[in-house]
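What follows is a set of notes on a single structure, which appears directly below.
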Amino acid sequence: MAHIKVNQEKVTPEIAERLASVCPFGAIVVSEAGLSIEAGCRLCRLCLEADQDGVLTLVEDKPETSVDKSRWQGIAILAECVGNRLHPITLELLGKALEMAAPAGTPVFAVVIGWQVTSAAESLKYYGADKIYVYDDRHLEHFEPLRYAMCAADFIEKVRPSVVLAGATSMGRSLAPRIAARFRTGITADCTGLALRDNGNLVQTRPAFGGNIMAQIVTPHTRPQMCTVRYRVFDAAPRRENPTAQVEVMAVPHGLANVGAQVLDVLAKPEELDISEAEVIVAVGRGVKDEAGLRLAKKLADILGAQLACTRPMVENGRFDPRRQIGLSGRTVKPKLIVTIGVSGAVQFAAGMDKSEYIISINSDPEASIFNISHVGLVGDLYEVLPAFIEKIEREGLVR
Ligand SMILES: Cc1cc2nc3c(=O)[nH]c(=O)nc-3n(C[C@H](O)[C@H](O)[C@H](O)COP(=O)(O)OP(=O)(O)OC[C@H]3O[C@@H](n4cnc5c(N)ncnc54)[C@H](O)[C@@H]3O)c2cc1C
């Protein structure tokens, strides 16, 4: 980190007013005590550029801790189990870890925490990790963040992986920051891109400022480098013929039972809508202007057994629940088939669906950018194209 230091001796009322006026965050405050830089400073450096009088100096802070990075090796993923089954995010984390590890032959580890999770660990052996560490204990039956963090921290202390990846799921979001805090290291939440530099630094990419920029974040001074990863962004590791991983059952940390909340009962939540899980999606955009258009889209969705999703303007105009929005500020989807209707294909939308296996798009504008990422494009008025499309599917049974 860095901060901006003020040389109060050089401050005049005019200079103070000028510098305060360039700060877009209102973080430069002029008072009787002089000029001060407040907590709102985002280090955008506009004030440094405007400072012609040597009033401000950028001071690069020395890292509080600096670890011997050569002692931290490998990429670890925190597996997630639903009962004794692996949550699909586990294989996506593993897929990305294996891809990053391949060039330098970096070892890849998986950590499975829970109770009676042997068969989840056994099935994970077929997905390419070098070693699987298992914490299996009755007190880990239900996800309890403090207990799980205790086990993950025990693993990190013993194995010292350079990188730890968790899912940006309810569990990962609750667990990963607790682990990062224990090791006084950084964490980047909700990454949509990851790359490992030759020097071992992990470049963590995520949308910032509401998706207006893609921030690239590194954790250069501390280890492990930690992040949570968005579901459905990376390809799952493929199953291999033969198991590759060694499994090591770890002793759970001492005093595990005495930390965290006592879970008395677990109540099943009603199934929640999650378009990220859908295998077929019909996505509507602003080109669908009225109820008649929506009815056509819903009919198509019914025939295809699809979930209905939408672009951001369709949420903003109150026609859809925000959980149905695809895109940078919505959900990422990777269905087998997505049909977009009246969607222009803005980058913020495309970023949330361009990894779909098969994309069919209907748009009246032949230049619409959605066609650049579509496998099939139907140019025409949706109010004419959709009835014909639906009729053809019904008549010829193209799908299902
Ligand atoms: C920070 C930020 C984050 C954002 N995040 C998201 C996000 O997560 N998801 C998202 O979707 N957007 C997001 N947006 C908005 C995004 O930039 C676009 O504005 C939005 O995706 C456009 O939605 P649309 O395609 O429905 O509408 P439009 O761009 O208006 O496109 C409508 C399309 O319908 C076609 N059309 C019109 N009439 C017909 C017809 N009769 N038949 C066939 N086609 C027709 C038009 O040719 C046009 O291409 C974000 C923007 C910002 C600034």
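Listed by position, the strands (runs of 3 or more DSSP E) contained in the stretch 202-309 that have at least 3 residues being outside the structural domain of ALA168 (by TED's automatic domain parsing) are 280-284.
Which one of these is loosely packed, with under 11 Cβ neighbours inside 10 Å, of a type in the set (A, V, I, L, M) and either within 16 Å of the ligand (Cβ to nearest atom) or in contact (Cβ under 8 Å) with a residue 60 or more places away in the chain (or both): ALA257, ALA236, ALA261? Break it down stepwise before answering.
Numbers: ALA257 fails: loosely packed, with under 11 Cβ neighbours inside 10 Å; ALA236 fails: loosely packed, with under 11 Cβ neighbours inside 10 Å.
The match here is ALA261.
In the condition set (1) modelled with pLDDT under 95; (2) crowded, with 19+ Cβ neighbours inside 10 Å; (3) assigned by TED's automatic domain parsing to the domain that holds ILE113; (4) aliphatic (A, V, I, L, M), VAL82 is compliant with all but (2). Among the residues making up the stretch 310-333, those that are more than 8 Å from the ligand (Cβ to nearest atom) and within 23 Å of PHE389 (Cβ to Cβ) are ARG319, PHE320, ARG324, VAL333. For the stretch 312-349, residues that are more than 14 Å from ILE373 (Cα to Cα) and out of contact with any helix residue (DSSP H, G or I) (no Cβ under 9 Å at 6 or more places or on another chain) total 5.
Test of understanding: among ASP365, ASP354, which residue is within 9 Å of the ligand (Cβ to nearest atom), assigned to a loop (DSSP other than H, G, I, E, B) and not assigned by TED's automatic domain parsing to the domain that holds PHE209? Steps first, please.
Numbers: ASP354 fails: within 9 Å of the ligand (Cβ to nearest atom).
Selected residue: ASP365, the only one of ASP365, ASP354 that is within 9 Å of the ligand (Cβ to nearest atom), assigned to a loop (DSSP other than H, G, I, E, B) and not assigned by TED's automatic domain parsing to the domain that holds PHE209.
Scanning the stretch 31-46 for residues being in contact with a Phe, Trp or Tyr (Cβ under 9 Å, 6 or more places away or on another chain) and surrounded by fewer than 10 Cβ atoms within 10 Å (Cβ to Cβ) gives a total of 0. Scanning the stretch 151-165 for residues being within 11 Å of ARG182 (Cα to Cα) and either without any contact (Cβ under 8 Å) to a residue 12 or more places away in the chain or out of contact with any strand residue (DSSP E or B) (no Cβ under 9 Å at 6 or more places or on another chain) (or both) gives a total of 2. Answer yes or no as to whether LEU48 is assigned to a helix (DSSP H, G or I) and more than 27 Å from the chain's Cα centre (by Cα). When the stated conditions are applied, LEU48 passes them.
The values are calculated or read from the model by the stated rules, or taken from the named source; none is laboratory data. Bear in mind the structure is a predicted one, so any value in this text is a computation, not a measurement. Because the Cβ atoms are built from the backbone with ideal geometry, glycine has one as well, and the counts that use them run over all protein chains shown.
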